[in-house]
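To keep things clear, I will list the structure first and then write my remarks on it.
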Amino acid sequence: MVKIDEYDTTLLTHAVLPVGPIPTVCDPEGVYPYESFAETSRRPEVKRYRMVALENERLRATICPDLGGRVHSMLDKASGQEALFVPASLCPVRILPRMGFIPGGIEVSFPIAHTPVQLERVHVQAERRGQRGLVWCGERELHSGLHWTVEYSLGAGEPYLTQRVYFQNRTPAPCPWTSWSNAAVPARPDTEFHFPGGPVLRHGATVDTIDWAREGPRCVGEVRRMTGYFWLAADAPVFGAFTPSLGQGLYHLADARTAPGIKLWTYGLGVHERWARAASLSGEGYVEIQGGPLRDQSQRARLDSGEARAHVEFWLPATAPLDLDSIRLPTPALPPLDTVPIFDWPPRPAVRYWQAVFEAYAAKAIGRLPGPPALGEHWWAPSGMDELGTALEWAVAVTDGRARDGWRFQHGAWLAGRGEVEGALAALEGSRDDRAAALAGRLHGRSRRDPRAAVAALRRIADEAVAWHPQIAIERDLALAALGEATLAERAVWLEGLAGIDDDGVIERRASLLADQGRFEEARALMVETRFQLVHQRYVRTALWRRIERGLGRPEASPPVTLGEDDLAAFGAYRLFEIEPGTG
């Protein structure tokens, strides 16, 4: 008999601080309309989460719809042990796309790598159908408008969790997408890698190809740095990790015709261990085993208008090492795809607000139109809502004064989020909202590559608090720096005024200014004395460090670990907006 248990629980959670009031349009470290995060608090708070558990005689799998529909826990009842890495606290780490990735559990990504909603609530529905318990999580995604549903199910006596991912494009245009399932398991030096043979793309300080049977590591203790491995071809559709000292492992199975992706990620032992331990109060590390419908994470596919796709994956806990050749793909009786729930826009306050805006427009009821979002709300008109454009134009037409300026700002952000930059600039330049000026500055600087126009837009900001906000100060300094030496004095005024702020981005720009002034020793000292928070797949500080060392005549000097950036080779389709090295 399969039981379904729905309940609330409390978890220690480290809060994340939003980057600032400029929407994440043309932001290489964000994805519009979601806010990005600048830092993670050192002290956790107690926060309540909704959980849904599926349980039979063999397993208890717990899903958290408040964290993007991820599998939070998987208890193997044969051993009484947890098969997944479940950290003692939820501690988001700096990684794209929002600089707030939660390690642990099983994350299902769509439509970009590392789902943008892993810190957000999504829809959930649970029921029993015959001898099968099912939990569905999903939404209509705010950036793209694509629908996705992940289905978790457990049948009577089954020793594995079945996961089916179903996504659809009901928009009028094709959309790029990727999808990966990312399971974290506890890592010890003796954690063994049980993966099939075949050619493997190895992603470390460089990207190369190895033969796994001859050159692949056999356990965590044989790896000396953070490394990702992607199977270009595999001689079996099964892989996993097993830790003898724990007597516990986890294996992944899938049909290679629909889900050929196989990846292993480990921090290894040595200099990069602290990256894995940053995610847990206990300092425990983890290894990730990943699968999906694409071969590697540099790829995006296209989902045409009206197209739908689905694939099935299985997660199998084990109390002893398994022989990959002897494992057979399960064939559970799953519900027909046309009975899988297709969810609408997600159940979040900001989304309900934008739905209310559209409903007011549809009824032409000015009295039902809420005021535009305030400065600190960070609610930006979702680009995936196609119908919102006409509602925003209506809101501009039926309001005046500050309200009209606020709606023009939102309309400009919505247009920019859809790639309509010229229309966005026209809307923004008609608004006296300081956020409109700031966003126009970003678009001029990063999209049109016109730093002079960017500086002019940023100088229109009237509110001192907005003008001095670190996010806008960084944007201004990037634009001024692009104009050359003539702006050094103006840059110094702004950045010296923020010298007392312990902000990673501001410190980067202060060091960059010192280097541009030829004060390389001071720039180096500032970089060395700052303990930056760890950040993955971002190399701005590393590029700045190398420029400083070249200025000091030491081009071969290695960056210190205190810079907090990894040393991976650039690889992966993580960014929606690219940026030139050293300018972020």
Query raised in the report: Under the Karplus relation 6.51 cos²θ - 1.76 cosθ + 1.60, θ = phi - 60°, what is the ordered set of whole-Hz ³J(HN,Hα) values for the range 149-156, x standing for Gly and Pro?
Result: 9, 10, 10, 10, 8, 9, x, 4
Report summary line: For residue 129, the residues 5 or more places away or on another chain with a placed amide H closer than 5 Å to its own amide H are 134
Query raised in the report: Of 373, 350, 23, whose Cα points farthest to the positive end of the dipole of the chain (charges on the beta-carbon: +1 Lys, Arg; -1 Asp, Glu; origin at the Cα centre)?
Result: 373
Query raised in the report: Among (1) 27.0; (2) 25.2; (3) 28.0, which one is Kirkwood radius over Cα pairs in Å computed from these coordinates?
Result: (2)
Query - Cross-link reach list, aspartates and glutamates versus residue 47, counting only Cα pairs under 14 Å and skipping chain neighbours closer than eight places - result: 8, 66, 120
Query raised in the report: Taking only DSSP H segments of four or more residues, each worth -39500 (n - 2.57), what value at 222 nm results for the chain once the sum is divided by all its residues, to the nearest 500 deg cm²/dmol?
Result: -7000 deg cm²/dmol
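With both partners inside the chain, how many of the DSSP beta bridges are antiparallel, as a percent to the nearest 5? Working shown, then result.
On the way: 107 of 110 bridges.
Restricted to the chain, the bridges split so that about 95 percent are antiparallel.
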Report summary line: Within the range 327-387, DSSP-loop GluC sites (Glu not before Pro) with at most 15 other C-beta atoms within 10 Å are 377, 387
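Mind putting a number on the dipole of the range 75-166 about its Cα centre? Charges go on the C-beta only, +1 for Lys and Arg and -1 for Asp and Glu, and I need it in Debye to the nearest 20.
Details: 9 positive and 9 negative charges, 22 e Å.
The dipole of the range 75-166 has a size of about 100 debye.
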Report task. Run down the lysines and flag those whose C-alpha is under 21 Å from the C-alpha of residue 77, throwing out any fewer than 8 positions away in its chain. Result -> 3
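Quick check for me: using +1 on Lys/Arg Cβ and -1 on Asp/Glu Cβ, what's the dipole size of the range 3-339 about its Cα centre, in debye to the nearest 20? Spell out each step's value before the answer.
Values: 34 positive and 38 negative charges, 54 e Å.
I would put it at about 260 debye.
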Query raised in the report: How large is the dipole of the range 349-563 about the Cα centre if only Lys and Arg carry +1 and Asp and Glu carry -1, each at its Cβ, rounded to the nearest 20 debye?
Result: 300 debye
**Report entry** Most positive-pole-ward Cα, 431, 41, 75, against dipole of the chain from beta carbon charges
**Finding:** 431
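How do the peptides 42-53, 498-509, 541-552 rank, highest first, by the average count of neighbouring beta carbon atoms within 10 Å per residue?
On the way: 42-53: 14.5, 498-509: 17.0, 541-552: 19.0.
Sorting 42-53, 498-509, 541-552 by mean packing, highest first, produces 541-552, 498-509, 42-53.
Every number here is computed from the coordinates shown, using simple stated rules; none is lab data. Predicted model, so just to flag it, every value in this text is computed and none were measured. Ideal geometry is used to build each Cβ from the backbone, glycine not excepted, and the neighbour counts take in all protein chains shown.
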